Amino acid sequence: MDLSESAVNSATVPSLDLAALVSACVERNIPAISPWRDLIAPHGAAAARRIITDAGLTVAGLCRGGLFTAPTEQSRHAAIEDNLRAIDEAHDLGAPALVLVSGPIIERDPAGSRSMIRTGIESILPHARAAGVALAIEPLHPMMAASRSAVTSLREANDLREAIGEPEVGVVVDVYHVWWEHDLIDQISRAAGHIAGLHVSDWVTPIHNELSSRGMMGDGCIDIPGIRARVRSVGYDGYVEAEVLSEAWWSVPPGEVLDVVRSRFITAC
Ligand code: ZN
C-alpha cells in the first residue's frame, strides 16, 4: 500500500518518547500516529497536539478508554470518570476517535459484564458527542476475554454498536483480533460507515503471550491486503495503523523496527 495511508501506534515502539516517535515517523514518510495516553501525559494533550502537528503529522486516534467492567458501583463510576478525561484528551489532541477496550468478563458472568460495557459506553456518549470524538469499540481476540475485553468479535462489536444505535459509536477492525472470524467479510460490510480504525500486525504461531506476541505484517497467516481492501471497499478512508505489541520486536532498536514497519506497509499491507 501507499505510505500516505500509514500510521504507527506508539505501543509498537514504546521506548520512544513523543518527540522521538514524531521525528522517526517524519523521517520515514509515515504521516500519522496513534499515541497511548501515557505518551502524551508528560506534555498535556494540547501541547502534544502541537508537537505532532508542527511536524506535519496527524493523530489517527487515542489509545485507550473503556475497561468498563468492575465489581462495585464505585469502581464502575471511577472508570466512567477516567473515560470522560480520556475523551477530553482526545478532543484536545485532535484525535478523531478514542479506542475502547471494553473490559474483561468479571465474576464469572459474561452477560452481566457485557451489560456493564453497554451501560458504560452509553454513560460517556453525551460527553463524546459534545467533544466531537467518536467512540471506537475494538473487539479483542477471545483469548483476552478474561483479561481485557468481553467483546471478542467484530460480529459482537457490531451487535453492541447497533444496540446502542448512535452515530458516535463505531468499531475498530484490528486484523490480529478478528482475522479468524468465519463471516469477517460480512461483518466488515455490516460496519460500513462506522469503521473508526484499521489496525495491522500479524498472527505468528506459537503465540507465547496473549498481549505481546504479535507478529510483523507479512510474517504470519493473516490476509492483511485482503482485509484492508475489504475495509476500503466499504468506505473507510482513515489510516492503516501498525500496532505490533511484541516482546520480540520491543527488544529490537526502535529505528530498525520502524524501518521494517515502513517496508512492510509497502510490501505486505
Ligand atoms: Zn488494535
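Read-outs: derived from the displayed coordinates by stated rules, not from any lab. No experiment lies behind these values; they were computed from the predicted model shown. We place every Cβ from the backbone using ideal geometry, glycine too, and count neighbours over all the protein chains shown.
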Any DSSP H helix in the chain with Cα axial reach of 20 Å or more and mean Kyte-Doolittle score of at least -1.0? Listed by number, the hits are 73-93, 110-131
So what are the ³J(HN,Hα) numbers for region 29-35, from phi and the Karplus equation (6.51, -1.76, 1.60; θ = phi - 60°), rounded to whole Hz, Gly and Pro as x? 6, 9, x, 8, 9, 10, x
About its Cα centre, region 132-255 carries a charge dipole, from +1 on Lys and Arg Cβ atoms and -1 on Asp and Glu Cβ atoms, whose size in debye to the nearest 20 is 120 debye
So what's region 40-125 giving for Cα Rg divided by 2.2 N^0.38 Å, two decimals? 1.25
For region 190-258, what Kirkwood radius comes out of the mean inverse Cα-Cα distance, in Å? 13.2 Å
Enumerate the calculated ³J(HN,Hα) couplings along region 139-153 in order (Karplus 6.51 cos²θ - 1.76 cosθ + 1.60, θ = phi - 60°), each rounded to whole Hz, writing x wherever the residue is Gly or Pro. x, 10, 3, x, 5, 9, 4, 8, 10, 9, 8, 6, 8, 10, 7
Can you give me the long-range amide H partners of Leu67? Hydrogens built in the peptide plane at 1.01 Å from N, cutoff under 5 Å, separation of 5 or more residues or another chain. Val101, Ser102, Gly103
Residues with amide H under 5 Å of Trp36's amide H, sequence separation 5 or more or different chain, H placed in the peptide plane at 1.01 Å from N; which? Ser10, Ala11, Cys63
I need to check one value: relative contact order of region 163-214, counting alpha carbon pairs closer than 8 Å and at least 6 residues apart, in percent. 42 percent
Tell me, what is the percent relative contact order of region 93-176, built from C-alpha pairs under 8 Å that lie six or more residues apart? 36 percent
Among Ile227, Trp250, Ser263 the positive-end extreme of the charge dipole of region 227-269 (Cβ point charges): Ile227
Return the FRET efficiency for the residue pair Asp159, Asn209: r is the Cβ-Cβ distance, R0 is 35 Å, and the value is rounded to the nearest 0.05. 0.75
In nm, the gap between the two label points placed 7 Å beyond Cα toward Cβ at Asp259 and His77 is 5.4 nm
³J(HN,Hα), Karplus 6.51/-1.76/1.60, whole Hz, each residue of region 199-209, x for Gly, Pro: 9, 10, 6, 9, 9, 10, 8, x, 7, 8, 7
By counting other Cβ atoms within 10 Å of each Cβ, how are Cys25, Cys221, Cys63, Cys269 ranked from fewest to most? Cys221, Cys269, Cys25, Cys63
Highest-first arrangement of 108-119, 76-87, 135-146, where packing means the average Cβ count within 10 Å: 135-146, 76-87, 108-119
Compute the distance from the alpha-carbon center of region 215-269 to that of region 1-49, in whole Å. 15 Å
Spherically averaged projected area in nm², based on the convex hull that wraps the Cα atoms of the chain: 12.9 nm²
So the compactness index of region 95-207, its C-alpha Rg divided by 2.2 N^0.38 Å, takes the value 1.03
Can you give me the relative contact order of the chain as a percent, contacts being Cα pairs under 8 Å and 6 or more apart? 20 percent
State the answer as a single residue: which of Ala146, Ile87, Leu39 lies farthest towards the positive end of the charge dipole of the chain, with beta carbon charges of +1 for Lys and Arg and -1 for Asp and Glu, about the Cα centre. Ile87
Kirkwood hydrodynamic radius, computed over distinct alpha-carbon pairs, for region 160-228: how many Å, to one decimal? 13.1 Å
Of the convex hull drawn through the C-alpha atoms of region 145-269, the volume per residue in Å³ is 113 Å³
Mind sorting Trp250, Trp180 by how few other Cβ atoms lie within 10 Å of their own Cβ, fewest first? Trp180, Trp250
